[in-house]
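Here's the structure we're looking at; comments come further down.
The values are calculated or read from the model by the stated rules, or taken from the named source; none is laboratory data. Keep in mind the model is a prediction, meaning the values are calculated, not measured. All Cβ positions, even for glycine, are placed from backbone atoms using ideal geometry, and neighbour counts span all protein chains on display.
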Amino acid sequence: MTECLFEADSTVVEFEARVTDVREKERRAGQQIWQIALDRTAFYPEGGGQPSDQGLLRAESRSGAVLEVAVEDVEADEAGGQIWHWTNRPISQGTVVTAVVDWPRRHDHMQQHSGQHLLSAVLEKHFAAKTISFHLSADVETIDIDRAEITPEQLAAVEREANAQITANLPVRIRYVDRTEAESLLAAGRLRKLPPREGRIRLIEMEGLDLNACGGTHVRSTGEIGALLLRRTEKIRSGLRLEFLCGQRAIAAARADDQLLRQLSVLLSAGRAEMLAAIERHQAERKSLVKEKEALREELAALLAANLIFEPGRLREWQPAKECVTPTDSARLDAPLLRMIASKAIAANPASALLAWLPLGERVSVVLAAGKEAGIDSGKLLKEAMQQLGLRAGGSRDLAQTELLADSLAVLLSSLREQVLAMGWKQ
């Protein structure tokens, strides 16, 4: 079994150990991935919502050559009692290595994990909200709590209380108890959560605040957490998810937020106190401009529709990119506007039909429209024509629209013409 140095002291990051086993685990893109077991390790394996440590193993040959192998992941084999270190190079069994844990990564995980214990304790103590699960990623950490809702005022109170406990610099201690004692502590309300396993149980205690079973790495006092910043909440099926950051992550996030506010202040030409009003003003102006734009598009559609000449019983074909007066007019057209023009055109000519198409880069938008007196089901005809190309389409009796690759346009137009002309219409 591997002796787990991290269980007794989370600050141990350099140690000597002997390789007890080595095996090829898998191949990734032609690269061999190895697993190395040591007789003792300070590398924390992934578990309990906390990612694994990373670092390196250093071995020296008899000739004096030094081999450094990066530890990219760490995994615990609970059945065998071994800790496996994932590397891209093997080290021979029996070799004595000097191992170095990536301390910045380890300390970050210590801050985040201890911050989670503290936050969970505050939530349970003041709001009777129990933590269901915990997840720590490279960017953020979250806890899920069994509460459907928490107000912004309550969140602010939780954050203040959590940071007050950080400022209090409470000692964080590791202790071990057997199953019977742990159950007694749980029954007395002193232990927050108890794992299902038997045997010796590791507890993390924040003096006067929290006692919880945990195998992760932790700081030595709450002051080392540095700070706790609540970011946002999200409703989930089991309750509520809280996203937060601790320590250097919280400071980095606050710095990034400050930089963003500075940039927005410049863009809005407003001080921080006036930014919200400036944004609301811009939103109101945008809504007004959108309405104005839609009104102008309606006018443009009406004008272009009025220029189309229809004859009853004759299929009117229109390619606006060629027939519009100026390139500027053509540039204004898009698929929704083409549909709008067709709708207005057939409304003014109820006994007529219109087949229109508009190039949109590599694709083409096609519209088939028929007035109420035309006796043509546009949706049905377009659907049947598209089926011949192995494509789908739909629409109403009055108007149907689709998009397809330009290479297939000629076949689609030919099929639509044949169907309409077969009904006795003229081209």
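At a glance:
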item	result
The range 38-52 - residue that is part of a strand (DSSP E or B) and modelled with pLDDT under 95 and, of those, nearest to HIS113 (Cα to Cα)	GLN50
Test for HIS117: is it assigned to a helix (DSSP H, G or I), closer than 29 Å to GLU72 by Cα and in the same structural domain as LEU245 (by TED's automatic domain parsing)	yes
Residues being buried (at least 18 other Cβ atoms within 10 Å of the Cβ) and at pLDDT below 90 - total across the range 379-427	2
Selected residue (only one of ARG62, ARG89, ARG27 is more than 17 Å from CYS214 (Cα to Cα), in a loop (DSSP other than H, G, I, E, B), charged (D, E, K, R) and at pLDDT below 90)	ARG62
Checking ASN212 against (1) surrounded by 11 or more Cβ atoms within 10 Å (Cβ to Cβ); (2) more than 27 Å from VAL12 (Cβ to Cβ), the condition it does not meet	(2)
Candidate set: the range 5-17, residues that are in contact (Cβ under 8 Å) with a residue 40 or more places away in the chain, of a type outside the set (Asp, Glu) and touching a Lys or Arg at 6+ places or on another chain (Cβ under 8 Å); chosen: the one surrounded by the fewest Cβ atoms within 10 Å (Cβ to Cβ)	THR11
Evaluation of SER288 against (1) more than 27 Å from LEU404 (Cβ to Cβ); (2) surrounded by 16 or more Cβ atoms within 10 Å (Cβ to Cβ) (one fails), failing number	(2)
Any hit, the range 149-163, residues being surrounded by fewer than 17 Cβ atoms within 10 Å (Cβ to Cβ), small (Gly, Ala, Ser) and not in a loop (DSSP other than H, G, I, E, B)	yes
Complete set of residues in the range 58-89 that are under 25 Å from ALA29 (Cβ atoms), among the hydrophobic types (A, V, I, L, M, F, W, C) and crowded, with 18+ Cβ neighbours inside 10 Å	VAL69, VAL71, VAL74, TRP84, TRP86
Test: residue in the range 268-291 that is under 30 Å from SER133 (Cβ atoms), touching a residue at least 12 places away in the same chain (Cβ under 8 Å) and within 28 Å of the chain's Cα centre (by Cα)	no
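Yes or no, residue by residue, for (1) under 18 Å from SER114 (Cβ atoms); (2) modelled with pLDDT under 95:
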| residue | (1), (2) |
| --- | --- |
| SER137 | yes, yes |
| GLN154 | no, yes |
| VAL172 | yes, no |
| ARG175 | yes, yes |
| THR180 | no, yes |
| GLU183 | no, yes |
| LYS193 | yes, yes |
| GLU198 | no, yes |
